[in-house]
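Where a number appears in this text, it was derived from the coordinates with a stated rule and is not lab data. None of the values given here were measured: they were computed from a predicted structure. Cβ coordinates were reconstructed from backbone atoms using ideal geometry, including for glycine residues, and neighbour counts include every protein chain displayed.
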Amino acid sequence: MRYVAWLLGAAVGASLFAGQSKTPDACEQARTDPYSLSFVKSAFKSFSNQGVWGAQIVQFNNNSPGLPQLGDSVSIAVLKLYELNELITPENTRTYIRLVVFSFSDRNRVLEKSDQEPRITSLVLDYLQEKKLSDPNTEKEIDYLKGCIKDFSCSFPNESRFLTNH
């Protein structure tokens, strides 16, 4: 367990120091807040308090920044905002899962090429899985995410089908 936590910290640190080159289309906020911390914090709080509903989906997916533009950086932002022990609470884990589903829904919308590879997200999901969360449904959701983040095929309908069949 210590190894996974250390590896997770090292990966986040390396990602932070490596820097990310912006595409020409990137907005000014991306340069002042490269991990969209305020946006991710707002989405996290919103999904945590109210679940996921229509207006939120539009607000956090169709605007810029939007969760589908973040890819792997959503996990970097979450780790910068929350301690690992905060992330493993059932409500925060469910909220994190919601953010990941949206962030890995469309590879073509991800602004940073480096965020098209789920390196940090894979480590966070491994960590959550290692913690043996008490909810078997959450364990299945993590299994689903570990597959769909690789090809950016995450969606709630696909997740529902996966959970029904497993």
Open item on the list: With of a type in the set (Phe, Trp, Tyr) and surrounded by fewer than 20 Cβ atoms within 10 Å (Cβ to Cβ) as the only criterion, which of 96, 82 stands out?
Closed with: 82
Task: Unmet criterion (only one of (1) surrounded by fewer than 20 Cβ atoms within 10 Å (Cβ to Cβ); (2) part of a helix (DSSP H, G or I)) for residue 133 - done: (2)
- [ ] Can you give me the number of residues within region 55-87 that are in contact (Cβ under 8 Å) with a residue 24 or more places away in the chain, outside any helix (DSSP H, G or I) and more than 13 Å from the chain's Cα centre (by Cα)?
- [x] 2
TODO: Give 101, 124, 110 a once-over and let me know the one that is of a type in the set (Val, Ile, Thr), buried (at least 20 other Cβ atoms within 10 Å of the Cβ) and in contact with a Cys (Cβ under 7 Å, 6 or more places away or on another chain).
DONE: 101
Open item on the list: Among the residues of region 154-165, what is the count of those that are touching a residue at least 12 places away in the same chain (Cβ under 8 Å) and either over 23 Å from residue 88 (Cα atoms) or buried (at least 16 other Cβ atoms within 10 Å of the Cβ) (or both)?
Closed with: 4
